[in-house]
Every structure is written in structure tokens, then in C-alpha cells.
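Remarks on the structure that follows.
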Amino acid sequence: MAIKAVFVPLARTTFYMPSAEENFSKSVQLLKNIFENIKVPDSLITEPSDLSKYLDEVSEPDLIIYQCTTFIGSEFMYEIMRKSKCPVLIWATREPSIDGTRLKLNSLTGAFSAGNSVYTQNRNFDFIFGNPDEDSVVESLTKYNKAITLINSLKELVIGVVGNQPAGFGFGNVNETDLIGTLGSRVARIEAAAIMDMAKNYTKEEVAEDLAELNACTINTNIPDENMEKYARLHKAFKTFVDENNIGALASRCWPDFFTGFGAPVCAVLSILNDNNIAASCETDIGGAISMFIGSKLTEQATYFGDPVAIDEECDSIVYWHCGAGASTLANKSCGAKLGVHPNRKIGPVMDFGLKSGEVTVIRLGKDQNGYRMFMYKGEALDEPQKFYGTSVTVKPQGGKAAEYVKKFVNDGWEPHFVVVYGDITKEIEIMCKLLKIRLFKY
């Protein structure tokens with residue numbers, strides 16, 4: 001759902017109004033191109049009383065864009081803080097000229113005044129500088145739109161949880177009260193046995209589409225028909241649970257239950273869910289599932305969930321691996337999305353390939369004794385061969401020094417599951433963490 005933004009362009013008429021009017025007009029055009037739902041005034045606002053009337057026309061905005069089109073005093077910001085609790089983005093524009101003559105706008109000083117007013121009230125705000133035709137301004141506004149849209153999505157997120165964490169994997173659990181308080185997300189739970197009972201009761205005809213979908217996007221390497229049908233049954237049961245509970249992210253129990261109780265892994269099921277925009281982690285890692293949801297919402301594509309299993313000194317990189325739940329859409333084109341058997345249990349189908357190359361951001365929503373925290377670094381997924389059975393990707397941190405990075409990660413006590421997101425989402429994560437007051441560890 002589009003966020004509700006409000007543009008508040010402010011000016012004093014004693015400054016050079018032709019330049020102020022020009023910036024106002026260009027700003028309105030830019031903002032309408034970025035924000036689907038934005039309120040803009042017909043003209044510059046020059047009196048606090050006019051601002052008060054304007055703000056009364058909008059209820060509970062998600063973001064106020066406060067443009068100091070010229071210098072203005074703090075009385076305008078006080079009126080905004082009185083009327084609204086949402087984040088404020090303070091925007092200062094450039095002087096039309098620096099030529100030894102008149103100071104025409106003095107926009108930047110107005111931004112300092114506004115920033116001081118908001119800071120002393122401990123309210124959420126940020127600052128951008130530049131004219132509406134500058135790439136940096138366009139990028140900043142676009143990323144704010146994406147970050148706040150994400151925050152709103154997290155408030156509505158239902159996380160499906162199948163079973164409990166395996167012994168020794170308690171790091172994947174969350175305190176549901178803290179989760180609602182920080183993100184607004186809630187949990188819907190079901191036992192792994194209930195999923196298996198659902199799966200057993202379908203007819204072959206009822207799961208035919210599920211099987212056809214898997215066959216269409218993968219390369220079958222002689223997985224027995226019986227196991228392929230078991231996959232289809234499990235997929236339909238998971239999809240039913242997802243649909244009935246409006247689930248956007250899922251954390252599932254995998255071993256040993258589905259191997260011993262159903263004779264098939266859930267790896268490929270989670271893979272296809274990720275392909276279909278349901279962020280899905282294994283080993284019942286709820287924080288991992290939320291991290292996958294964050295990455296997929298910001299990039300509109302599947303993300304990868306894996307363990308940091310090795311340091312490849314030859315290419316100065318970290319290898320992330322998991323048994324076989326990588327999304328088929330992330331497969332390296334040189335090998336395709338091959339099906340195989342679980343590397344430890346020797347039962348299929350699971351995904352069995354190396355991932356594609358490209359710019360990535362590695363993230364993790366974690367927790368410690370002080371609450372939630374966020375892990376993040378930029379890197380590059382290399383065009384490397386598959387390193388182990390299952391799915392894997394080789395990530396070189398920006399600037400290299402993989403071994404030093406790993407030492408920091410372990411010393412900082414991070415959970416052993418991370419999410420590899422294709423694309424640069426660092427700015428959006430920074431904004432999200434600032435607005436939600438989550439401590440960010442940027443490596």
C-alpha cells in the first residue's frame with residue numbers, strides 16, 4: 001500500500017520569491033513522480049496559520065517533507081510537531097548564486113533551525129540537501145518512500161511458523177510481544193505434524209499443479225516419482241496454510257520431522273515459496289524469515305538464506321550455504337536450477353546449484369540482551385562454481401578482507417544464519433533502522 005506523504009514548502013516573502021517559486025514548482029512535479037499518494041499545496045506556505053489549516057486536511061500521514069524554500073523560523077516546525085507524530089524529512093535547496101551580492105534564499109539556515117527544533121523534541125527526522133533536479137535528491141526521496149513503505153508492510157506482516165526450533169537453534173525464536181512492539185508483525189503458528197496430516201489427505205489430482213510448477217522451473221536429476229509427489233503434497237499444504245492466514249513470511253521446521261514423518265524434505269517447498277514472494281526460511285528461524293521479507297520487499301525478488309560455512313582465501317570471500325532451499329530464480333544460468341538429494345539425508349527433492357553473481361547486501365535482523373539489532377554489509381556475489389552439495393553463494397565483502405569480517409561477525413555475537421539480498425539496499429536499511437530505533441551494525 002502506498003504511503004501517505006505530505007509536502008510542506010515554506011517561505012518568507014522578504015526573500016527572492018522567483019527562485020523560491022521555481023524550486024516549489026519543480027519539487028511538486030518530482031514528488032508526484034515518486035509518491036503515489038502525496039498531498040501538495042497550491043502555493044508556497046508563508047504563514048503558520050495557513051500551515052495549520054493545511055495540516056488539518058490530512059489525517060495521520062506517514063511522512064512530512066518539510067522544504068525550507070527560503071529561510072523560515074522554528075514556529076513552522078513547532079506547528080508540525082503539534083499536529084503530527086510522523087517522521088519529518090527536512091529539505092534545503094541551494095542558493096541560486098554565490099556572487100558577492102544578495103543572499104537570495106538562505107534555505108540552509110532554515111534547515112538548521114528546523115533540525116534543532118525536532119532534535120530537541122526527540123522526534124524522528126532526517127535531512128536532504130539539493131535542488132529537485134539533482135540525482136542525489138531524487139535518490140534520497142525514492143529510498144525514503146521505499147523504506148517507509150517497508151515499515152508499513154512490516155506492521156501488517158503475518159509470519160507463519162511451522163513447528164519449533166530444533167535443539168540448539170533457539171536463536172531463531174522471537175519474543176512475540178517485543179516483535180509487535182518493534183515491528184508490528186504478528187505470528188501464526190501450526191505444528192509440523194498438522195502440515196503433514198494435510199499433505200497426506202490430498203489426491204494426486206489436487207496436487208498436480210504443484211508438481212507441474214516445480215517441473216517447469218527446475219532440472220530433474222532422476223528424483224523418484226514418489227518423492228516428487230510428496231513434494232507436491234507438502235507444497236499444497238504449506239500454500240494452504242499461507243493463504244488461509246495471509247502469511248507474508250514463513251519460518252519452517254525441517255529436520256528431522258519431515259524426513260522421519262513424511263519421507264521427504266521441505267527444502268524445495270521453501271524454494272518455490274520464495275520464488276512466489278513468500279519469504280521462507282528453514283530451521284524455524286523467525287528472524288531469518290523477517291530478514292528475507294525485508295530484502296524481498298526492497299528488491300522485489302527472492303533472497304537467499306544461508307550459513308557462513310567457509311572462507312575462500314583464493315577469492316577473499318565468504319561462502320554461504322544451505323541444504324537446498326535456495327530460490328530457483330537465483331540459480332546461476334551456467335547450471336540452472338537443478339534438483340538433487342539432501343546432502344545428509346540422501347532424500348530429494350532439494351535444490352542443488354550455485355547462485356548467480358551480482359551486487360549484494362548481506363543482512364540479518366538479530367537480537368541481543370538489549371533488543372533487536374540489524375546486521376548489514378555490501379559485497380559482490382562472485383561467479384564461482386557450486387562449493388558444496390545443496391545451494392551456495394560466494395560473497396566478497398566490499399574491499400575484501402573476508403577473514404577480518406568473519407572475525408568481527410563472530411566477536412559481535414551474530415546468529416549463524418544470514419540473508420543475501422541481490423542489490424544495494426543499504427540506504428533503505430539505514431532509514432528503516434533509524435525510524436524503528438533498531439541499532440544498525442554496518443560493516
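For the reader, a short list of remarks on this structure follows.
- Rolling a 1.4 Å probe over the protein heavy atoms leaves residue 395 with an accessible area of roughly 0 Å².
- Close amide H partners of residue 67, meaning residues 5 or more places away or on another chain with modelled amide H under 5 Å apart, are 8, 10, 91.
- The distance separating the Cα centre of the range 98-151 from that of the range 1-76 comes to 12 Å.
- Between residue 348 and 342, the built amide H atoms are under 5 Å apart, and every one of these is 5 or more places off in sequence or on another chain.
- 222 nm mean residue ellipticity, helices alone, for the chain (DSSP H n ≥ 4; -39,500 (n - 2.57); rounded to 500): -11500 deg cm²/dmol
- Using θ = phi - 60° and Karplus 6.51 cos²θ - 1.76 cosθ + 1.60, couplings along the range 317-326 (whole Hz; Gly, Pro as x): 9, 10, 9, 9, 9, 8, 4, x, 10, x
- Summed residue charge, Cβ within 14 Å of residue 72's Cβ, Lys/Arg positive, Asp/Glu negative: -3
- Table column - 3J(HN,Hα) (Hz), the range 92-106, Karplus curve with 6.51, -1.76, 1.60, x for Gly and Pro: 10, 9, 7, 5, x, 7, 10, 9, x, 10, 5, 6, 7, 10, 6
- Stokes-Einstein translational diffusion, the chain - Kirkwood Rh over all Cα pairs, 1.002 mPa s, 20 °C, in µm²/s: 90 µm²/s
- For the set 333, 200, solvent exposure ranked by accessible area (probe 1.4 Å, protein chains only) runs largest to smallest as 333, 200.
- When 213, 404 are compared by accessible surface with a 1.4 Å probe, the order from highest to lowest is 404, 213.
- Solvent exposure of residue 174, expressed as accessible area, is near 20 Å², computed with a probe of 1.4 Å over the protein chains only.
- Each of 16, 144, 443 has its accessible area taken with a 1.4 Å probe; listed largest first, they run 16, 443, 144.
- Separation of alpha-carbon centers, the range 387-407 and the range 164-242, rounded to whole Å: 29 Å
- Backbone amide hydrogens, once placed in the peptide plane, bring residue 360 within less than 5 Å of 379, 380, 381, 423, excluding anything fewer than 5 places away on its chain.
- Descending semi-axes in Å of the range 296-443, equivalent ellipsoid built from Cα gyration tensor: 26, 16, 15
- Size of charge dipole - the chain - debye, nearest 20, with Cβ of Lys, Arg +1 and Asp, Glu -1, no other charges: 780 debye
- Accessible carbon and sulfur surface of the chain relative to its total accessible area, %, 1.4 Å: 48 percent
- Antiparallel bridges, percent of DSSP beta bridges restricted to the range 342-443 (to nearest 5): 75 percent
- Legend: Rg and Dmax of the range 292-377, from Cα coordinates, 14.7, 45 Å.
- Most fluctuating residue given options 134, 176, 95, as computed from a GNM of the chain linking Cα atoms under 10 Å: 134
- The residues of the chain present an accessible area of 43 Å² per residue when probed at 1.4 Å with all protein chains retained.
- Global size of the range 393-434 as Cα Rg and Dmax, reported in angstrom: 12.0, 30
- Take every DSSP beta bridge whose two residues both sit in the chain; close to 45 percent of them are antiparallel.
- Taking the Cα centre of the range 294-352 as origin and assigning +1 to Lys and Arg Cβ atoms and -1 to Asp and Glu Cβ atoms, the resulting dipole is close to 460 debye.
- Alpha carbon convex hull of the range 40-125, volume per residue in cubic angstrom: 94 Å³
- In the complete set of protein chains, residue-level accessible area for residue 189 is approximately 110 Å², probe 1.4 angstrom.
- For the range 51-61, putting each phi into the Karplus relation 6.51 cos²θ - 1.76 cosθ + 1.60 with θ = phi - 60° gives couplings of 5, 4, 5, 5, 5, 5, 7, 10, 9, 6, x Hz, in residue order, rounded to whole numbers and with x for Gly and Pro.
The values are calculated or read from the model by the stated rules, or taken from the named source; none is laboratory data. Just so it is clear, the model here is predicted, and its values are computed rather than measured. Because the Cβ atoms are built from the backbone with ideal geometry, glycine has one as well, and the counts that use them run over all protein chains shown. To get the accessible areas, we keep the full protein, side chains included, count just its heavy atoms, and leave off ligands, DNA and RNA. Shrake-Rupley method; radii C 1.70, N 1.55, O 1.52, S 1.80 Å.
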